[in-house]
1. Order by neighbour count: 71, 142, fewest other Cβ atoms within 10 Å first, most last.
2. Any chance you could run the full-extension gain for residue 133 through residue 64? It's 0.36 nm times the residue separation minus the Cα-Cα distance, nm to one decimal.
3. For residue 192 paired with residue 140, estimate the spin-label separation in nm (one decimal), with each label point 7 Å from Cα along the Cα-to-Cβ line.
4. Arrange the following residues from fewest to most other Cβ atoms within 10 Å of their Cβ: 73, 205, 129.
5. Going by C-beta contacts inside 10 Å, put 144, 123 in order with the fewest on the left.
6. Given that compact globular proteins tend to follow 2.2 N^0.38 Å, what is the ratio of the alpha-carbon Rg of region 124-205 to that value?
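Just so it is clear, none of the values below were taken in a lab; they were calculated from the coordinates. This structure is a prediction, so every number in the text was calculated from the model and none was measured. Cβ sites come from the backbone with ideal geometry, for glycine too, and all protein chains shown count toward neighbours.
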């Protein structure tokens with residue numbers, strides 16, 4: 001919570017949502033307007049300006065004591081000065097409590113949403129299908145040895161969690177050289193290899209998840 005609001009209400013940190021809040025009443029006294037009219041006035045804490053009762057019409061706010069009121073703080077009509085003071089106190093408390101609530105909510109530590117991990121899709125058919133195929137990455141580290149080609153899993157944009165392999169359909173046919181240097185392969189090359197692999201899988205099985 002901001003120190004400004006704490007000082008404003010004389011509260012001590014920490015303050016949590018739901019804690020009882022007591023707000024000091026406004027200190028009203030008799031004063032005079034810039035035009036010399038006797039009226040009731042109250043100063044808002046921390047130089048927040050002044051409230052002035054304009055008879056039964058309204059309670060107005062002004063920045064400085066010598067200023068004319070800038071805006072209506074709470075509209076009338078009122079059945080006397082005491083009723084106006086009470087209406088101003090009620091509105092003052094409402095505004096303070098609203099500001100406190102917004103401040104407290106802003107400082108609440110959000111609860112992390114628990115995301116259930118989706119079990120990775122594992123396909124023996126996809127892994128066997130990749131063995132001995134042509135390397136589809138063909139990076140500068142490619143060894144062109146089809147005997148080392150397997151289904152290589154890519155973690156880029158795979159959505160897999162920690163210590164979890166991506167789905168088997170998010171992989172590519174790659175040789176041992178390209179697989180070992182995957183971290184140095186450009187996104188475009190890698191995604192092209194995944195796309196070509198998926199084309200080959202779909203051509204062979206009619207689905208990406210056999």
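1. Fewest-to-most Cβ neighbours within 10 Å comes out as 71, 142.
2. The residue 133-residue 64 span can extend by a further 16.5 nm.
3. Distance between label points: 1.5 nm.
4. Listed from fewest to most nearby Cβ atoms, that is 205, 129, 73.
5. In order of increasing Cβ crowding within 10 Å: 144, 123.
6. Normalised Cα radius of gyration, region 124-205: 1.00.
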